[in-house]
Amino acid sequence: MQDASVSFPIELSPAELALVRTALEMLEDTLGHEEAEELAEVQVLLRRLPTPASD
């Protein structure tokens, strides 16, 4: 995947953010060696997401 030069800010509710994080974590768990580039992109995206707030 190429480096993105354009960003698209979106606002997510805490529940939506949790859903996106869970979906990316599930995707991360399913990617194998053949999808190393995709796995790296998913991991970068997960690191960019805000950390969940403590209750």
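One table, with the values for the structure above:
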item	result
Residues (of a type in the set (A, V, I, L, M) and either assigned to a helix (DSSP H, G or I) or in contact with an Asp or Glu (Cβ under 6 Å, 6 or more places away or on another chain) (or both)) located in the range 25-53	26, 27, 31, 36, 39, 40, 42, 44, 45, 46
Scope the range 39-53; condition of a type outside the set (A, V, I, L, M, F, W, C), surrounded by fewer than 10 Cβ atoms within 10 Å (Cβ to Cβ) and touching a residue at least 12 places away in the same chain (Cβ under 8 Å); matching residues	50
Qualifying residue in the range 10-18 (condition: assigned to a loop (DSSP other than H, G, I, E, B) and either more than 15 Å from residue 53 (Cα to Cα) or touching a Leu at 6+ places or on another chain (Cβ under 8 Å) (or both))	yes
Count of the range 11-25 residues which are over 10 Å from the mean Cα position of the chain (by Cα) and free of Cβ contacts under 8 Å to residues at least 24 places away in the same chain	6
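Every number here is computed from the coordinates shown, using simple stated rules; none is lab data. Everything numeric in this text was worked out from a predicted model, so none of it was measured. Here the Cβ is made from the backbone with ideal geometry for all residues, glycine too, and neighbour counts use every protein chain on show.
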